[in-house]
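As structure tokens, the structure follows; a few thoughts come after it.
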Amino acid sequence: MNIMEAIIFLLLLQTANSFGLATNSRWIVNQARGKRVKLACANWVSHLQPMIAEGMEKQALKYIAGQIAATGFNCVRFTWATFMFTRADYGNLTVSQSLDKYGLKDAKAGIAKNNPQFLNMNVIEVHRAVVNELGRNNLMVVLDNHVSEPKWCCNGSDGNGFFGDVSFDPDEWLKGLAAVAATYKGNPAVVAMSMRNELRGDRQNEPDWYKYMQQGALVINKQNPDVLVIVSGLHYDTILGFLKSNPFGVNIGNKLVFEAHWYTFGTLAEKWKSQTNLVCASMTQSAENNYLFLIRGNHSYPLFLSEYGIDQTGVNEADNRYISCFLAAIVENDIDWALWTFQGSYMLREGGVNVGESYGIMDFNWVRPKSTTFVQRLQFARQMNQDSNPSHPTSYKIFHPQTGQCLQFGQNDIFLSNCVSATRWDQHQDGGPIKLAGSPRCLVVAGDNVAAHVSKDCASNSSKWKTVSNSRLHLAAQNGQGSYLCLEKNAADATILTKKCLCVGDNLVDLPTCAENPQVQWFKLVPVNV
């Protein structure tokens, strides 16, 4: 370590020393103070063939790290490939040599322009430099072992899927975990290590999962006892249900976290469009069965949803509907997460040179977010709403996932606004009133296509709200004629109306199919104690 690196490291210790994390039941907490820390991360790729953090051919590292912080994330899930740290012919390659190996002349010229200091550094040195820059921006880092052989992930037959695959030797994998844990030991920006991304393929089996994941957890904890150890599940990080009957069984103190991925892959847009409530209900129940259960009960653990995301160009209707359902669930449960993804492009992906990433926050040239609306929509999900040691009683905010905003009561109107300052409501019993916190007034129906308002009359049917539809995301109460009306965002502005429930019959049961999009009527009561 030269003098400049030593100075940088000392600065990191001063600015990021508070990052040291542990677990307390289902929560991640600051180890020194015991206060909850919520991970709201962006993924950033450094595991593809060049083994270089994407985007540095287009923008300076300092700019990219600053943009991650500026868009509201507080951490980065930063990927790495096993061979980078276990095979000298990979890890010793300089950036210049790695780019030359794949004929990436334009990327090399771009790095020479934007990050020339890295050209003659090897790929491991650059990986460390990126982590240090993230720390200087007060961003926590979760190091994710994404693949063994540097390449795009994930294919069930790509040789990287499960222990024993051609490029997934368990002993080499353990060696890589140990090397990375040792490399970043003492670096305060690194708060966690995720053992493996998206286990998959025909070799998958639970006995080997327990055997090797237990070994991996012990290896990391031995080399670097300061970091959280994040354990992924089977079938592309979607299944951990087997832990209900057979616990993980390794004691690494208060450092164990589980992770899962939640996308809508495999569900056709047509099904989302015709059965939106039903698909949302099914997806949420599957998540509950397979990983959300981990945050429940007396023996709970933190759950890190380390990947979710959508096509941010807006053309994928399945993604457009899934994301509202997803946000409702993670906000209600106040779960830690990492969005896929931050990068706007790739130097080399699956043979394509300089290709865009539709799921990425940044635009193709990494100048700005491609959708500020989407970034703003994540605000309530980024916010910590529940504390591990609450000092205030629980109240509720009413969240509208389609907009990412919450109900606000003004002088006379109910409207959507920023969730930070949103109105708080008392706990709601199904079929009962929704009262303003600390007030005798409650939310009431005035009539069809009429603005919702509050009233002191909390005994009439117009103030008795039921959670209806399979999605459990419609709030309905009766008008004066005995028909149920649902809360709905006004199409013209941010005010809230009460209208006939979309895709729900008069009996409050979902219609078999529905051509309308009910998400404008989706609302979720979210517990808040901070």
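The values are calculated or read from the model by the stated rules, or taken from the named source; none is laboratory data. What you see is a predicted model, and the numbers here were worked out from it, not measured in a lab. Don't worry about glycine lacking a Cβ; one is built from the backbone with ideal geometry, like all the others, and counts go over all protein chains shown. The accessibility values were calculated without ligands, DNA or RNA, using every heavy atom of the protein model including side chains. Shrake-Rupley method; radii C 1.70, N 1.55, O 1.52, S 1.80 Å.
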*In whole percent, how big is the carbon plus sulfur part of the accessible area of the chain, probe 1.4 Å, protein atoms only?*
49
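I want the antiparallel fraction of DSSP beta bridges within region 192-338, as a percent rounded to 5.
On the way: 1 of 13 bridges.
Counting only bridges with both partners in region 192-338, antiparallel ones make up about 10 percent.
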*Rounded to the nearest 10 degrees, what's the angle between the helix 170-183 long axis and the longest principal axis of the chain, both from Cα atoms, 0 to 90?*
90
*Report the antiparallel proportion of the DSSP beta bridges in the chain as a percent, rounded to a multiple of 5.*
60
*Could you work out how far helix 3-16 tilts from the main Cα principal axis of the chain, as a 0 to 90 degree angle to the nearest 10?*
20
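List the chymotrypsin sites (Phe, Trp or Tyr not before Pro) within region 262-321 that fall in a DSSP loop (any state other than H, G, I, E or B) and whose Cβ has at most 11 other Cβ atoms within 10 Å. Mind showing how you got there, number by number?
Values: sites: Trp262, Tyr263, Phe265, Trp272, Tyr291, Phe293, Phe304, Tyr308; in loops: Trp262, Tyr263, Phe265, Tyr291, Tyr308.
Sites meeting the loop and neighbour criteria: Phe265.
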*In what order, largest first, do Phe409, Phe248 sit by accessible area if the probe radius is 1.4 Å?*
Phe409, Phe248
*What per residue convex hull volume, in Å³, do the alpha-carbon atoms of region 211-307 yield?*
102
*How far apart, in nm, are two points set 7 Å out from the Cα along the Cα-to-Cβ line at Ser460 and at Asn30?*
4.9
*Among Ile111, Ala69, Leu99, which residue has its Cα positioned farthest towards the positive end of the charge dipole of region 28-153, with +1 placed on the Cβ of Lys and Arg, -1 on the Cβ of Asp and Glu, and the dipole taken about the Cα centre?*
Ala69
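If Lys and Arg each add +1 and Asp and Glu each add -1, what is the summed charge of the other residues whose beta carbon sits under 12 Å from the beta carbon of Tyr102? Please report the intermediate quantities before stating the final value.
Values: positive: Lys101, Lys105, Lys108, Lys151, Arg349; negative: Asp100, Asp106.
Value of the local net charge: +3.
Taking the Kirkwood radius as the inverse of the mean 1/r across Cα pairs, report the Rg/Rh of region 330-444. Don't skip to the answer; put the middle values down first.
Values: Rg = 19.3 Å, Rh = 17.0 Å.
Taking Rh as the inverse mean 1/r over Cα pairs, Rg/Rh reads 1.14.
State whether region 73-145 is rounded, prolate or oblate according to the following rule on the C-alpha gyration tensor (a ≥ b ≥ c being the square roots of its eigenvalues): a/c under 1.5 gives rounded; otherwise a/b larger than b/c gives prolate, and the remaining case gives oblate.
Details: a/c = 2.26, a/b = 1.35, b/c = 1.68.
In terms of gyration-tensor shape, oblate.
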*Could you name the lysines whose alpha carbon sits less than 28 Å from that of Lys185, not counting residues in the same chain fewer than 8 places away?*
Lys35, Lys38, Lys62, Lys151, Lys175, Lys211, Lys222, Lys255
*At q = 0.14, 0.21, 0.22 Å⁻¹, what is the base-10 log of I(q)/I(0) for region 422-530 according to the Debye formula with one equal point scatterer per Cα and no solvent? Please give it to two decimals.*
-0.52, -1.17, -1.27
_So if I average 1/r over every pair of distinct C-alpha atoms in the chain and take the inverse, what Kirkwood radius in Å does that give?_
24.4
*Taking the Cβ-Cβ separation of Asn289 and Asp448 as r and a Förster radius of 45 Å, what is the calculated FRET efficiency to the nearest 0.05?*
0.75
*How much area per residue is accessible in the chain when the probe is 1.4 Å and only protein heavy atoms are counted (Å²)?*
39
*With all protein chains present, calculate the accessible area of Lys185 using a 1.4 Å probe and round the result to the nearest 10 Å².*
120
*So, with +1 on the Cβ of K and R and -1 on the Cβ of D and E, and no other charges, what is the size of the charge dipole of the chain about its Cα centre, to the nearest 20 debye?*
1240
*Which of the lysines could be linked to Lys466 by a straight reach, that is with a Cα gap under 17 Å, when you skip same-chain ones fewer than 8 residues away?*
Lys397, Lys435, Lys499, Lys500, Lys524
*Show me 356-363, 106-113 ranked by packing, highest mean number of other Cβ atoms within 10 Å first.*
356-363, 106-113
